[in-house]
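Undergrad: Got a structure for you, written out below as structure tokens; questions coming shortly.
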Amino acid sequence: MESTNNNSNIIICPDCDLLLTEQKPALGYSISCPRCGKRLRKRKKDSVRRTFVLSITGLLMYLPAVLLPLMTFESLGFSDSATVIESIVNFYHNGYHFVSLMVFLSALIFPLLLLVMIFVLSFNLHRHHYPAYLRTLFKYYIHLEDWAMLEVYLLGVLITVIKMVDSSEIVYHAGLFCFTSLVVISIAISTTIDKQYFWQLIEDKGVLKNSPPTPMAVDFTSKLTTGLQHKLIICHTCEKIVAAHSAGKSCPRCATKIHSRLPGAIGKTSALILTSILFILPANLLPIMKVDFLGVTDESTILDGIIYFFQHGSFFIGFIIFTASILVPVFKIIGLSILLFSTRPCAARFLRKKTIMYRWIAFIGRWSMLDIFVIALLVALVDFGFFTSVHVASAATYFCLVVTTTMFAAITFDPRIMWDDCTQSQSKSILKKHSP
Ligand SMILES: [Zn+2]
Ligand SMILES: [Zn+2]
């Protein structure tokens, strides 16, 4: 089998480039990088079958979850119900096309695409069929994962309920039950899928028989510690290890273009951070929501919305929205700026902590969409004609731009660049010690 004559006995950490011999963890256990703490492998029990069953359940639940009404708000004889789709259509009709596109993709299209992709993938692997398109399918699945935000939308539903529970009667519908189940299934799929095992199955069953063999002459007795020092690089998508001279070519497993480091990472991340700084001011200073009450319009900014919760004693919800809407974007911008600064020479301090911070920035980015989802639901649920109605306002577009640019900034950054200079100086000192 191909995996025995290439690098199945080697792991390279995707976050710090440390080269390690592979230890197979026991079922349910994981192994982490000793240098930066990145979880490198976790073996999951019965991964293909469980993922397959969950994907079928998710697909069955999808249509009722997005088409059936979630809930109805009733107040002073007025009532209004909303589905997930209606919460998006209202944004579009109000002229907020970019915001509606973001919600449309993150709450509707990407979750469906991920379910369809993982169903096709696990169905084929379960039946021991390995058509060539599986590698492309899995590659796009991995790239899309961060952009599906069902669980953030569900938290938005919860906050909307807490916000309105004092001022209106709330009737819950089957759609809410289906949507909650869909979120639970999506989370379950992300915990049962064993990506490295899936990639191995796709690769080893002959899909890529013609891929060039990779020379793997790793001398573990040397003082060299990283993949690059051993002239090895890993694919950014599927983490296959290939020889450094393959840089610029396509990965033999997933067909992503291979680079030793993400090309132009510092320039792209810097440009995206600067762009997000430009957008964060109007996103916070302009009104994000308008409430019409008996003909009088009241506009509120993100901060006004947070103060509302604190004034009404909902400290926990106020804190969640403050964290998601203000702290997270600011933390991402400051954090990524610190990481960019760390790519300069002589910035080798706290590298492990900074790499952990990078992983947090990449993880929490999507949760900033929370406030947008809350407004989407309020716009759809509170439309009582002249009596009262909620509308989205101009800051929403800027806020979505902040979320998008900071998410892309985290994606384009390559944490290994921070470690490279440190590794080089470590190697230099080792060489110095051993030179006559
Ligand atoms: Zn590492
Ligand atoms: Zn690959």
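Rule-based calculations on the coordinates, nothing more; no lab input. In this text, all values refer to a predicted model and were calculated from it rather than measured experimentally. Cβ sites come from the backbone with ideal geometry, for glycine too, and all protein chains shown count toward neighbours.
Undergrad: To test your reading of the geometry: what angle, between 0 and 90 degrees and rounded to tens, separates the Cα axis of helix 47-67 from the longest principal axis of the chain?
TA: Taking Cα atoms only, the helix is inclined about 20 degrees.
Undergrad: Something else now. From the mean inverse distance of alpha carbon pairs (Kirkwood) and the Cα radius of gyration, derive Rg over Rh for the chain.
TA: A ratio of 1.02.
Undergrad: Once the Cα atoms of region 1-80 are picked out, what are the Rg and Dmax in Å?
TA: 22.9, 74
Undergrad: With an 8 Å cut-off on Cα pairs and a minimum separation of 6 or more residues, tell me the relative contact order of region 258-423 in percent.
TA: Across region 258-423, relative contact order equals 42 percent.
Undergrad: What stretch of the chain, leaving out the sites themselves, is the longest with no trypsin sites (Lys or Arg not before Pro) in a DSSP loop having at most 10 other Cβ atoms within 10 Å?
TA: By the stated rule (loop sites, at most 10 other Cβ atoms within 10 Å), 210-348.
Undergrad: Rounded to the nearest 10 degrees, what's the angle between the helix 133-144 long axis and the longest principal axis of the chain, both from Cα atoms, 0 to 90?
TA: 60 degrees
Undergrad: Looking at region 258-423 from every direction and averaging, what is the projected area of its Cα convex hull in nm²? Numbers along the way, then the final one.
TA: On the way: hull surface 45.2 nm².
Reported value for the Cα convex hull: 11.3 nm².
Undergrad: Collect residues whose amide H, placed 1.01 Å from N in the peptide plane, falls under 5 Å from the amide H of Thr256; neighbours closer than 5 in sequence don't count.
TA: Close amide H contacts, sequence-distant or interchain: Cys251.
Undergrad: Which of the pairs Lys42/Lys163; Lys257/Lys353; Lys257/Lys332; Lys240/Lys354 have their Cα atoms more than 32 Å apart in this structure?
TA: Lys42/Lys163
Undergrad: Oh, and also: Pairs of Cα atoms under 8 Å, at least six residues apart: use those to get the relative contact order of the chain, whole percent.
TA: Taking the mean separation of contacting Cα pairs over the length of the chain, I get 22 percent.
Undergrad: Could you give the distance between the Cα centres of region 157-206 and region 55-79, to the whole Å?
TA: Value for the Cα centre distance between the two parts: 14 Å.
Undergrad: Taking a quarter of the surface of the Cα convex hull of region 58-151, what do you get in nm²?
TA: 7.7 nm²
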